[in-house]
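Peer 1: Please find one structure pasted underneath; my questions will follow.
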Amino acid sequence: MAIKLYGAAGSTATLQVQACLAEKDLHYEFVSINMSYKEHKTPEFLSRNPFGQVPAFEDGDLKLFESRAITQYLAHTYADKGNDVIIKDPKKMAIVAVWIEVESQKFDPACSKLVWELGYKPMFGMTSDDVVVEENEKKLEQVLDVYESRLSQSKYLGGDSFTLADLHHLPVIKYLMGTKAKRLFEARPHVSAWVADIQSRPAWVKAITT
Amino acid sequence: MALKLHGIVGSPPAFRAMAALFEKDLDFEFVPVDFATGEQKTPRFLALNPFGQVPVFEDGDFKLFESRAITKYAAEAYANKGTDLVFKDPKKSAIQTVWMEVEGQKFDPTSSKLTWELFFKPIFGLTADEAVVTEFEEKLGNVLDVYEQRLTECKYLGGDRFTLADLHHLPNMHILMGTKVRSLFDVRPHVSAWASDILSRPAWTKVASLLRK
């Protein structure tokens, strides 16, 4: 099969790409990388991603890594397939690019420590650090306050249609909505409605159940 | 003037956007934002950037924030002006995007910790935390090891010519070259040559000269 995704269950970055593949209705082979056997540090895998991280991706002879580079490649290359996750108009797409950066530069850094403390640590039988949780919840709240204002003026983050600017949030939201951090999203009506909307997309449901 | 860039002199993200505007040979008005009086927190400014940060870019009544969204817009909207900063071929463009993500996800967080400790803290009369410096020197070294390998295979990070994938590194790299961390770059021959090459570009020299005013 031409499209191969090398990833691991539980990896939010891998799930970003899977969400996009589902939206674009693309068939692909999923190659599971066993992190506990350090398969992500083998020379073979490092030739796919020199940083030794999942996901890695290939489409024919094109090899890529970095989840947000992969989703952008898919969105542009398969523009005519499945659902639109970008906007053709250059100025509207520039606004989408702003909010893609916001997820990458502000939302994700604020959430990554929370996902670790509240999501992964309990799974491994470890205790979360309340100081780290409180500090990072404050950071997330500042970001969500901006989102609340944005979403009161715009149906989706990037504009009036669902795009990568929204999609990139889905995996982290999935984890956090299963923890006490969900209250931060639920306390903000426009954010809460947006979360419910994007989580109910058939492609997302397909991506997390197959 | 139709094009405006709101920023402060010395802000790496503002300088990142400015570098792209100079590469594209664009005339723009630089509008300083007065952080000393909290201008970035005023309703007027928050309407431009709800995070209260610089830079903000205006093209007529079209407004953008986030430096890497601004550089992308300049590169694409003014494709036929100045330096070509992107690849049009879809596969080349995808590879360029990979290395733009690497800068944003890996180089920037580690280098920003070091610019804060070694450059900005002294300006504010604060002392660097040596433990943080040591930790992030190691992390940056690991990133630069990957760059060293990449740059043996490829003249520039994103492909065979200078693109946004290289440009985005300039502000933090410029700062770090004035600190002890420059040794991390100097000791890796391909990284060192690439750094010298891109730091000596006329458009970047023009940005850097604003620091001396």
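Peer 1: Take the conditions farther than 15 Å from B:D27 by Cα and at the interface with chain A (Cβ under 7 Å from one of its Cβ atoms) and apply them to B:K72. Does it pass?
Peer 2: So B:K72 fits the description; yes.
Peer 1: In segment B:93-115, what residues are over 17 Å from B:F15 (Cα atoms) and at the interface with chain A (Cβ under 10 Å from one of its Cβ atoms)?
Peer 2: B:S93, B:A94, B:I95, B:Q96, B:T97, B:V98, B:W99, B:E101, B:V102, B:Q105, B:K106, listed by residue number.
Peer 1: Mind counting the residues in segment A:67-96 that are farther than 23 Å from A:P202 by Cβ, among the charged types (D, E, K, R) and touching a residue at least 24 places away in the same chain (Cβ under 8 Å)?
Peer 2: Within segment A:67-96, residues that are farther than 23 Å from A:P202 by Cβ, among the charged types (D, E, K, R) and touching a residue at least 24 places away in the same chain (Cβ under 8 Å) number 1.
Peer 1: Working only within segment A:135-167, note down all residues that are away from chain B (no Cβ under 14 Å) and within 20 Å of the chain's Cα centre (by Cα).
Peer 2: Across segment A:135-167, the qualifying residues are A:N136, A:E137, A:K155, A:Y156, A:D160, A:S161, A:F162, A:D166, A:L167.
Peer 1: Looking at segment A:116-139, I want the residues that are free of Cβ contacts under 8 Å to residues at least 12 places away in the same chain and have a partner that is exposed (fewer than 11 other Cβ atoms within 10 Å of the Cβ) with Cβ atoms under 8 Å, at least 6 apart or on another chain. Which pairs are those?
Peer 2: Once the first residue is free of Cβ contacts under 8 Å to residues at least 12 places away in the same chain and sits in segment A:116-139, its partners that are exposed (fewer than 11 other Cβ atoms within 10 Å of the Cβ) give A:K121/A:T127.
Peer 1: While we're looking at this one, here's another question. Residues of segment A:142-192 being surrounded by 15 or more Cβ atoms within 10 Å (Cβ to Cβ), touching a residue at least 12 places away in the same chain (Cβ under 8 Å), under 29 Å from A:T127 (Cβ atoms) and not hydrophobic (A, V, I, L, M, F, W, C), which ones?
Peer 2: Those that are surrounded by 15 or more Cβ atoms within 10 Å (Cβ to Cβ), touching a residue at least 12 places away in the same chain (Cβ under 8 Å), under 29 Å from A:T127 (Cβ atoms) and not hydrophobic (A, V, I, L, M, F, W, C): A:H169, A:P171, A:K174, A:Y175, A:T179, A:R188.
Peer 1: Would you confirm whether any residue within segment A:153-166 is over 27 Å from A:A9 (Cβ atoms), touching a Leu at 6+ places or on another chain (Cβ under 7 Å) and part of a helix (DSSP H, G or I)?
Peer 2: Checking segment A:153-166: not a single residue is over 27 Å from A:A9 (Cβ atoms), touching a Leu at 6+ places or on another chain (Cβ under 7 Å) and part of a helix (DSSP H, G or I).
Peer 1: Select the helices (runs of 4 or more DSSP H) contained entirely in segment A:52-134, then report the ones holding at least 1 residues which are within 15 Å of the chain's Cα centre (by Cα), in the same structural domain as A:E23 (by TED's automatic domain parsing) and modelled with pLDDT of 95 or more.
Peer 2: On the way: elements: A:67-77, A:90-102, A:108-114.
Filter on segment A:52-134 gives A:67-77.
Peer 1: Under 9 Å between Cβ atoms, at least 6 apart or on separate chains: pull out the pairs that start in segment B:73-102 with a residue that is in a loop (DSSP other than H, G, I, E, B) and end on any residue that is surrounded by 23 or more Cβ atoms within 10 Å (Cβ to Cβ) and of a type in the set (D, E, K, R).
Peer 2: Final answer for the pair search is B:G82/B:E23; B:T83/B:E23; B:L85/B:E23; B:L85/B:K72; B:V86/B:K72.
Peer 1: Among the residues of segment B:43-60, is there at least one that is of a type in the set (G, A, S), at negative phi and surrounded by fewer than 17 Cβ atoms within 10 Å (Cβ to Cβ)?
Peer 2: yes
Peer 1: In addition: If you check B:Q53 against the conditions, is it touching a residue at least 24 places away in the same chain (Cβ under 8 Å), facing chain A (nearest Cβ under 10 Å) and either farther than 25 Å from B:H174 by Cα or of a type outside the set (F, W, Y) (or both)?
Peer 2: yes
Peer 1: Still on this model: If I ask for residues that are of a type in the set (D, E) and either buried (at least 22 other Cβ atoms within 10 Å of the Cβ) or touching a residue at least 24 places away in the same chain (Cβ under 8 Å) (or both), which ones from segment A:1-46 would you list?
Peer 2: Result: A:E23, A:D25, A:E29.
Peer 1: Please verify whether A:N49 is touching a strand residue (DSSP E or B) at 6+ places or on another chain (Cβ under 6 Å), surrounded by fewer than 22 Cβ atoms within 10 Å (Cβ to Cβ) and assigned to a loop (DSSP other than H, G, I, E, B), treating the condition exactly as stated. Quick ask: steps written out before the conclusion?
Peer 2: Values: touching a strand residue (DSSP E or B) at 6+ places or on another chain (Cβ under 6 Å): yes; surrounded by fewer than 22 Cβ atoms within 10 Å (Cβ to Cβ): yes; assigned to a loop (DSSP other than H, G, I, E, B): yes.
When the stated conditions are applied, A:N49 passes them.
The values are calculated or read from the model by the stated rules, or taken from the named source; none is laboratory data. If you're wondering where the values come from, they're calculated on a predicted model, not measured in any experiment. Here Cβ is always computed from backbone atoms with ideal geometry, including for glycine, and neighbour counts include all displayed protein chains.
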